[in-house]
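A.B. asks: Please read through the structure below; I'll follow up with questions.
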Amino acid sequence: MNRNYIKPPNLSNEKSLKTLVENRTVYNLNHCELNLFETYKASELVPLKFNDLVVTSMLRGKKVMHLFDDPSFEYLPGETVVIPSNVEMKIDFPEATKNNPTQCLALAIDQHKITQTLDFLNERYPKEGNKQFWHLDYQNYYFYNNVELATTINKLVKECMSTSVTKDVLADLTLQELLIRIIQTQTTKSIDDGLYTNPNSPITQVLEYIRLNLRENISLKNLSDICCMSTTSFYRFFKRELGMSPIEFVISEKMRCAKKLLKNPSIQINEVCHLSGFEDSNYFIRLFKKHEGITPKQYQLLYVN
(Lines give C-alpha, C1' and ligand atoms only; values in the text may rest on other atoms or scores of the structure.)
Protein backbone atom coordinates (compact mmCIF):
# COMPACT_ATOMS: atom_id res chain seq x y z
CA MET A 1 0.00 0.00 0.00
CA ASN A 2 1.30 3.45 -0.88
CA ARG A 3 1.69 6.23 1.66
CA ASN A 4 -0.60 9.22 1.14
CA TYR A 5 0.66 12.43 2.63
CA ILE A 6 -1.09 14.95 4.84
CA LYS A 7 -0.51 18.59 3.99
CA PRO A 8 1.77 19.95 6.74
CA PRO A 9 0.78 23.32 8.23
CA ASN A 10 3.32 26.13 8.36
CA LEU A 11 6.08 25.76 10.92
CA SER A 12 6.02 27.99 13.99
CA ASN A 13 7.85 31.29 13.84
CA GLU A 14 11.26 30.87 15.46
CA LYS A 15 10.52 33.65 17.97
CA SER A 16 7.43 31.83 19.22
CA LEU A 17 9.20 28.55 20.00
CA LYS A 18 8.92 27.57 23.65
CA THR A 19 11.32 24.65 23.33
CA LEU A 20 13.43 23.04 20.61
CA VAL A 21 12.21 19.55 21.61
CA GLU A 22 8.50 18.90 21.00
CA ASN A 23 7.39 22.52 20.77
CA ARG A 24 3.60 22.24 21.03
CA THR A 25 0.72 24.21 19.49
CA VAL A 26 -2.80 23.27 20.64
CA TYR A 27 -6.24 23.77 19.08
CA ASN A 28 -9.16 22.81 21.35
CA LEU A 29 -12.62 21.75 20.18
CA ASN A 30 -15.58 20.24 21.99
CA HIS A 31 -14.65 16.59 21.47
CA CYS A 32 -11.06 16.65 20.29
CA GLU A 33 -7.76 18.42 20.73
CA LEU A 34 -5.34 18.95 17.88
CA ASN A 35 -1.67 19.10 18.92
CA LEU A 36 1.07 20.08 16.50
CA PHE A 37 4.51 19.02 17.70
CA GLU A 38 7.71 20.41 16.19
CA THR A 39 11.22 19.32 17.10
CA TYR A 40 14.32 21.31 16.16
CA LYS A 41 16.97 19.36 18.05
CA ALA A 42 18.09 15.73 17.90
CA SER A 43 17.07 13.86 21.05
CA GLU A 44 16.25 10.41 22.37
CA LEU A 45 13.54 8.71 24.42
CA VAL A 46 11.35 11.80 24.79
CA PRO A 47 8.24 10.64 26.76
CA LEU A 48 4.71 11.57 25.67
CA LYS A 49 1.32 10.44 26.99
CA PHE A 50 -2.31 11.53 26.48
CA ASN A 51 -5.39 11.02 28.65
CA ASP A 52 -7.48 10.19 25.57
CA LEU A 53 -7.05 7.98 22.54
CA VAL A 54 -4.73 9.79 20.16
CA VAL A 55 -4.36 9.56 16.38
CA THR A 56 -0.89 10.71 15.33
CA SER A 57 0.36 11.34 11.80
CA MET A 58 3.84 12.32 10.66
CA LEU A 59 4.08 15.50 8.61
CA ARG A 60 7.82 16.23 8.25
CA GLY A 61 11.06 14.48 9.12
CA LYS A 62 11.61 11.17 10.89
CA LYS A 63 10.98 9.76 14.35
CA VAL A 64 11.83 6.44 15.92
CA MET A 65 8.93 5.20 18.06
CA HIS A 66 9.20 3.03 21.15
CA LEU A 67 5.69 1.80 21.93
CA PHE A 68 4.33 -0.99 24.13
CA ASP A 69 6.88 -3.82 24.34
CA ASP A 70 7.19 -4.03 20.55
CA PRO A 71 10.42 -3.39 18.64
CA SER A 72 11.07 0.27 17.86
CA PHE A 73 10.19 1.45 14.35
CA GLU A 74 10.87 4.40 12.06
CA TYR A 75 7.91 6.76 11.75
CA LEU A 76 7.74 8.74 8.50
CA PRO A 77 5.38 11.12 6.66
CA GLY A 78 2.43 9.30 5.11
CA GLU A 79 2.05 7.04 8.17
CA THR A 80 -0.36 7.04 11.12
CA VAL A 81 -0.16 5.55 14.62
CA VAL A 82 -3.22 5.12 16.88
CA ILE A 83 -2.43 4.99 20.60
CA PRO A 84 -4.89 4.14 23.41
CA SER A 85 -5.38 6.53 26.32
CA ASN A 86 -2.75 6.70 29.06
CA VAL A 87 -0.15 4.73 27.09
CA GLU A 88 3.30 6.28 27.21
CA MET A 89 5.31 6.45 24.02
CA LYS A 90 9.00 7.28 23.90
CA ILE A 91 10.33 9.00 20.83
CA ASP A 92 13.77 9.51 19.24
CA PHE A 93 14.44 12.41 16.87
CA PRO A 94 17.67 11.27 15.18
CA GLU A 95 17.74 13.88 12.39
CA ALA A 96 15.95 16.93 13.80
CA THR A 97 17.74 20.26 13.41
CA LYS A 98 16.72 23.91 13.14
CA ASN A 99 16.95 23.62 9.36
CA ASN A 100 15.33 20.19 9.22
CA PRO A 101 12.65 20.07 11.94
CA THR A 102 10.33 17.16 12.64
CA GLN A 103 6.60 17.93 12.61
CA CYS A 104 3.83 15.61 13.75
CA LEU A 105 0.14 16.02 14.55
CA ALA A 106 -1.56 14.30 17.47
CA LEU A 107 -5.34 14.33 17.59
CA ALA A 108 -6.69 13.42 21.03
CA ILE A 109 -10.33 12.25 20.80
CA ASP A 110 -12.78 12.26 23.70
CA GLN A 111 -13.69 8.69 24.71
CA HIS A 112 -17.39 9.57 24.93
CA LYS A 113 -17.29 10.61 21.25
CA ILE A 114 -15.64 7.33 20.30
CA THR A 115 -18.19 5.25 22.24
CA GLN A 116 -21.07 7.28 20.82
CA THR A 117 -19.82 6.78 17.24
CA LEU A 118 -19.24 3.04 17.63
CA ASP A 119 -22.67 2.55 19.23
CA PHE A 120 -24.29 4.48 16.39
CA LEU A 121 -22.50 2.38 13.75
CA ASN A 122 -23.34 -0.91 15.44
CA GLU A 123 -26.99 0.08 15.77
CA ARG A 124 -27.57 1.69 12.36
CA TYR A 125 -25.03 -0.18 10.21
CA PRO A 126 -24.52 -3.60 11.85
CA LYS A 127 -21.81 -5.79 10.37
CA GLU A 128 -22.59 -9.03 8.57
CA GLY A 129 -21.80 -12.28 10.37
CA ASN A 130 -22.20 -13.52 13.93
CA LYS A 131 -20.73 -11.43 16.75
CA GLN A 132 -19.28 -8.85 14.34
CA PHE A 133 -19.07 -5.29 15.67
CA TRP A 134 -17.49 -1.98 14.76
CA HIS A 135 -14.45 -1.53 16.99
CA LEU A 136 -10.95 -0.08 17.03
CA ASP A 137 -8.18 -2.66 16.90
CA TYR A 138 -5.52 -1.51 19.36
CA GLN A 139 -3.17 -4.30 18.27
CA ASN A 140 -3.19 -2.92 14.73
CA TYR A 141 -1.94 0.55 15.53
CA TYR A 142 0.58 1.45 12.80
CA PHE A 143 -0.28 1.78 9.11
CA TYR A 144 0.23 3.75 5.90
CA ASN A 145 -2.36 6.41 5.07
CA ASN A 146 -4.62 5.53 2.17
CA VAL A 147 -6.22 8.31 0.12
CA GLU A 148 -9.44 8.34 2.14
CA LEU A 149 -7.71 8.43 5.52
CA ALA A 150 -5.29 11.19 4.49
CA THR A 151 -8.17 13.24 3.04
CA THR A 152 -10.20 12.90 6.23
CA ILE A 153 -7.27 13.89 8.48
CA ASN A 154 -6.57 16.89 6.25
CA LYS A 155 -10.22 17.92 6.52
CA LEU A 156 -10.21 17.59 10.31
CA VAL A 157 -6.99 19.58 10.69
CA LYS A 158 -8.55 22.34 8.58
CA GLU A 159 -11.64 22.40 10.81
CA CYS A 160 -9.59 22.44 14.01
CA MET A 161 -7.55 25.40 12.81
CA SER A 162 -10.58 27.26 11.46
CA THR A 163 -12.06 30.38 13.06
CA SER A 164 -15.56 29.57 11.80
CA VAL A 165 -18.41 29.49 14.34
CA THR A 166 -19.49 26.12 12.89
CA LYS A 167 -16.11 24.42 13.29
CA ASP A 168 -17.16 22.24 16.26
CA VAL A 169 -20.18 20.88 14.39
CA LEU A 170 -18.18 20.15 11.25
CA ALA A 171 -15.32 18.66 13.27
CA ASP A 172 -17.76 16.31 15.04
CA LEU A 173 -19.00 14.98 11.69
CA THR A 174 -15.43 14.58 10.45
CA LEU A 175 -14.45 12.76 13.66
CA GLN A 176 -17.09 10.14 12.89
CA GLU A 177 -15.70 9.76 9.38
CA LEU A 178 -12.15 9.51 10.74
CA LEU A 179 -13.04 6.67 13.11
CA ILE A 180 -14.72 4.78 10.24
CA ARG A 181 -11.67 5.32 8.01
CA ILE A 182 -9.32 4.08 10.72
CA ILE A 183 -11.35 0.90 11.26
CA GLN A 184 -11.49 0.27 7.50
CA THR A 185 -7.73 0.88 7.18
CA GLN A 186 -7.01 -1.46 10.10
CA THR A 187 -9.13 -4.17 8.46
CA THR A 188 -7.34 -3.74 5.13
CA LYS A 189 -3.92 -3.85 6.82
CA SER A 190 -4.80 -7.04 8.69
CA ILE A 191 -5.77 -8.55 5.31
CA ASP A 192 -2.53 -7.30 3.72
CA ASP A 193 -0.52 -8.80 6.59
CA GLY A 194 -2.35 -12.14 6.33
CA LEU A 195 -3.79 -11.71 9.82
CA TYR A 196 -7.49 -11.50 8.91
CA THR A 197 -8.84 -14.97 9.75
CA ASN A 198 -12.27 -14.28 11.21
CA PRO A 199 -14.46 -17.30 10.31
CA ASN A 200 -17.65 -15.44 11.26
CA SER A 201 -17.23 -12.75 8.61
CA PRO A 202 -18.37 -13.22 4.99
CA ILE A 203 -15.25 -11.27 4.00
CA THR A 204 -13.12 -14.34 4.81
CA GLN A 205 -14.75 -16.49 2.12
CA VAL A 206 -14.54 -13.67 -0.41
CA LEU A 207 -10.82 -13.15 0.25
CA GLU A 208 -10.12 -16.86 -0.18
CA TYR A 209 -12.00 -16.95 -3.48
CA ILE A 210 -10.21 -13.87 -4.86
CA ARG A 211 -6.76 -15.20 -3.98
CA LEU A 212 -7.45 -18.65 -5.44
CA ASN A 213 -8.89 -17.23 -8.67
CA LEU A 214 -6.72 -14.18 -9.27
CA ARG A 215 -6.08 -15.13 -12.91
CA GLU A 216 -9.79 -15.60 -13.62
CA ASN A 217 -12.32 -12.95 -14.64
CA ILE A 218 -13.72 -12.16 -11.18
CA SER A 219 -17.05 -10.36 -11.36
CA LEU A 220 -19.15 -8.61 -8.75
CA LYS A 221 -21.76 -11.35 -9.30
CA ASN A 222 -19.22 -14.09 -8.47
CA LEU A 223 -18.37 -12.42 -5.18
CA SER A 224 -21.93 -11.53 -4.17
CA ASP A 225 -23.05 -15.14 -4.78
CA ILE A 226 -20.42 -16.36 -2.30
CA CYS A 227 -22.03 -14.20 0.40
CA CYS A 228 -25.57 -15.05 -0.74
CA MET A 229 -26.30 -11.36 -1.27
CA SER A 230 -27.59 -9.27 -4.13
CA THR A 231 -24.85 -7.44 -6.00
CA THR A 232 -26.12 -4.11 -4.62
CA SER A 233 -26.14 -5.31 -0.99
CA PHE A 234 -22.74 -6.98 -1.38
CA TYR A 235 -21.17 -3.86 -2.91
CA ARG A 236 -22.41 -1.71 -0.01
CA PHE A 237 -21.26 -4.30 2.54
CA PHE A 238 -17.76 -4.63 1.05
CA LYS A 239 -17.26 -0.89 0.63
CA ARG A 240 -18.36 -0.30 4.23
CA GLU A 241 -15.96 -2.95 5.56
CA LEU A 242 -12.82 -1.97 3.64
CA GLY A 243 -13.47 1.53 2.32
CA MET A 244 -12.97 0.38 -1.27
CA SER A 245 -15.10 -1.38 -3.88
CA PRO A 246 -14.75 -5.15 -4.49
CA ILE A 247 -13.17 -4.54 -7.91
CA GLU A 248 -10.72 -2.02 -6.44
CA PHE A 249 -9.71 -4.70 -3.93
CA VAL A 250 -9.29 -7.32 -6.68
CA ILE A 251 -6.96 -4.92 -8.52
CA SER A 252 -4.99 -4.25 -5.33
CA GLU A 253 -4.54 -8.02 -4.86
CA LYS A 254 -3.31 -8.35 -8.44
CA MET A 255 -0.86 -5.50 -7.79
CA ARG A 256 0.40 -7.25 -4.66
CA CYS A 257 0.93 -10.45 -6.63
CA ALA A 258 2.76 -8.54 -9.38
CA LYS A 259 5.09 -6.83 -6.92
CA LYS A 260 5.94 -10.17 -5.33
CA LEU A 261 6.73 -11.68 -8.73
CA LEU A 262 8.85 -8.67 -9.77
CA LYS A 263 11.28 -9.39 -6.95
CA ASN A 264 12.55 -12.19 -9.18
CA PRO A 265 15.11 -10.43 -11.45
CA SER A 266 14.83 -13.04 -14.22
CA ILE A 267 11.06 -12.94 -14.76
CA GLN A 268 9.71 -11.14 -17.83
CA ILE A 269 7.13 -8.33 -17.52
CA ASN A 270 4.70 -10.13 -19.86
CA GLU A 271 4.89 -13.18 -17.63
CA VAL A 272 4.23 -11.09 -14.52
CA CYS A 273 1.24 -9.55 -16.29
CA HIS A 274 -0.25 -12.99 -17.03
CA LEU A 275 0.50 -14.58 -13.66
CA SER A 276 -1.02 -11.67 -11.73
CA GLY A 277 -4.28 -11.85 -13.70
CA PHE A 278 -3.98 -9.10 -16.32
CA GLU A 279 -4.78 -9.82 -19.94
CA ASP A 280 -3.15 -6.79 -21.56
CA SER A 281 0.47 -5.89 -20.77
CA ASN A 282 0.09 -2.22 -21.79
CA TYR A 283 -2.89 -1.85 -19.44
CA PHE A 284 -0.91 -3.62 -16.68
CA ILE A 285 2.06 -1.26 -17.10
CA ARG A 286 -0.16 1.86 -17.04
CA LEU A 287 -2.05 0.63 -13.98
CA PHE A 288 1.12 -0.37 -12.14
CA LYS A 289 2.65 3.07 -12.71
CA LYS A 290 -0.56 4.72 -11.49
CA HIS A 291 -0.49 2.68 -8.25
CA GLU A 292 3.25 2.64 -7.56
CA GLY A 293 4.55 5.75 -9.30
CA ILE A 294 7.08 3.74 -11.36
CA THR A 295 6.87 1.14 -14.14
CA PRO A 296 7.04 -2.61 -13.39
CA LYS A 297 10.54 -2.73 -14.92
CA GLN A 298 11.75 0.13 -12.73
CA TYR A 299 10.25 -1.63 -9.70
CA GLN A 300 12.02 -4.86 -10.66
CA LEU A 301 15.37 -3.06 -11.01
CA LEU A 302 15.08 -1.78 -7.43
CA TYR A 303 15.49 -5.37 -6.25
CA VAL A 304 18.26 -6.19 -8.73
CA ASN A 305 20.37 -3.29 -7.49
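The values are calculated or read from the model by the stated rules, or taken from the named source; none is laboratory data. This structure is a prediction, so every number in the text was calculated from the model and none was measured. Virtual Cβ from ideal backbone geometry, glycine too; neighbours counted across all protein chains shown.
A.B. asks: Residues of the range 48-89 being small (G, A, S), at negative phi and free of Cβ contacts under 8 Å to residues at least 60 places away in the same chain, which ones?
C.D. replies: Here is the first cut: in the range 48-89, the residues small (G, A, S) are 57, 61, 72, 78, 85.
Add one more test, that the residue is at negative phi, and what stays is 57, 72, 85.
Of everything in the range 48-89, those that are small (G, A, S), at negative phi and free of Cβ contacts under 8 Å to residues at least 60 places away in the same chain turn out to be S72, S85.
A.B. asks: Suppose we filter the range 145-175 for residues that are part of a helix (DSSP H, G or I) and either of a type in the set (A, V, I, L, M) or outside the structural domain of V55 (by TED's automatic domain parsing) (or both); how many remain? Give the derivation first.
C.D. replies: Let us first name the residues in the range 145-175 that are part of a helix (DSSP H, G or I), namely 147-160, 167-175.
Within this subset, residues satisfying the condition of being either of a type in the set (A, V, I, L, M) or outside the structural domain of V55 (by TED's automatic domain parsing) (or both) are 147, 149-150, 153, 156-157, 169-171, 173, 175.
The total comes to 11.
A.B. asks: Can you find a residue in the range 279-287 that is touching a Pro at 6+ places or on another chain (Cβ under 7 Å), of a type in the set (A, V, I, L, M) and free of Cβ contacts under 8 Å to residues at least 60 places away in the same chain?
C.D. replies: Yes, that holds for at least one residue.
A.B. asks: Which helices (runs of 4 or more DSSP H) sit wholly inside the range 176-277 and have at least 2 residues that are among the basic types (K, R), under 20 Å from K127 (Cα atoms) and not assigned by TED's automatic domain parsing to the domain that holds T151?
C.D. replies: Details: elements: 202-212, 220-226, 231-242, 246-261, 269-275.
Helices (runs of 4 or more DSSP H) meeting the threshold: 231-242.
A.B. asks: Continuing with the same structure: Out of the range 220-243, which residues are under 21 Å from D137 (Cβ atoms), touching a residue at least 12 places away in the same chain (Cβ under 8 Å) and surrounded by fewer than 18 Cβ atoms within 10 Å (Cβ to Cβ)?
C.D. replies: The one that is under 21 Å from D137 (Cβ atoms), touching a residue at least 12 places away in the same chain (Cβ under 8 Å) and surrounded by fewer than 18 Cβ atoms within 10 Å (Cβ to Cβ): R240.
A.B. asks: Could you go through the range 27-43 and let me know if any residue there is under 24 Å from the mean Cα position of the chain (by Cα) and free of Cβ contacts under 8 Å to residues at least 60 places away in the same chain.
C.D. replies: No, every residue in the range 27-43 fails to be under 24 Å from the mean Cα position of the chain (by Cα) and free of Cβ contacts under 8 Å to residues at least 60 places away in the same chain.
A.B. asks: Could you check, for the range 273-287, whether at least one of its residues is closer than 18 Å to T188 by Cβ and either in contact with a Phe, Trp or Tyr (Cβ under 6 Å, 6 or more places away or on another chain) or not aromatic (F, W, Y) (or both)?
C.D. replies: No.
A.B. asks: Would you point out the residue of the range 53-69, among those that are in contact with a Pro (Cβ under 9 Å, 6 or more places away or on another chain) and of a type outside the set (K, R), that is nearest to H135 (Cα to Cα)? Give the steps one after another, and end with the answer.
C.D. replies: Initially, the range 53-69 is screened for residues in contact with a Pro (Cβ under 9 Å, 6 or more places away or on another chain), giving 53-54, 57-64.
Still in the running and of a type outside the set (K, R): 53-54, 57-59, 61, 64.
On the way: L53: 13, V54: 15, S57: 20, M58: 24, L59: 27, G61: 31, V64: 27 Å.
Ranking the qualifying residues of the range 53-69, first place goes to L53.
A.B. asks: While we're on this one: Do the conditions hold for K131, that is, is it surrounded by 16 or more Cβ atoms within 10 Å (Cβ to Cβ) and out of contact with any strand residue (DSSP E or B) (no Cβ under 6 Å at 6 or more places or on another chain)?
C.D. replies: Details: surrounded by 16 or more Cβ atoms within 10 Å (Cβ to Cβ): no; out of contact with any strand residue (DSSP E or B) (no Cβ under 6 Å at 6 or more places or on another chain): yes.
So K131 fails the test.
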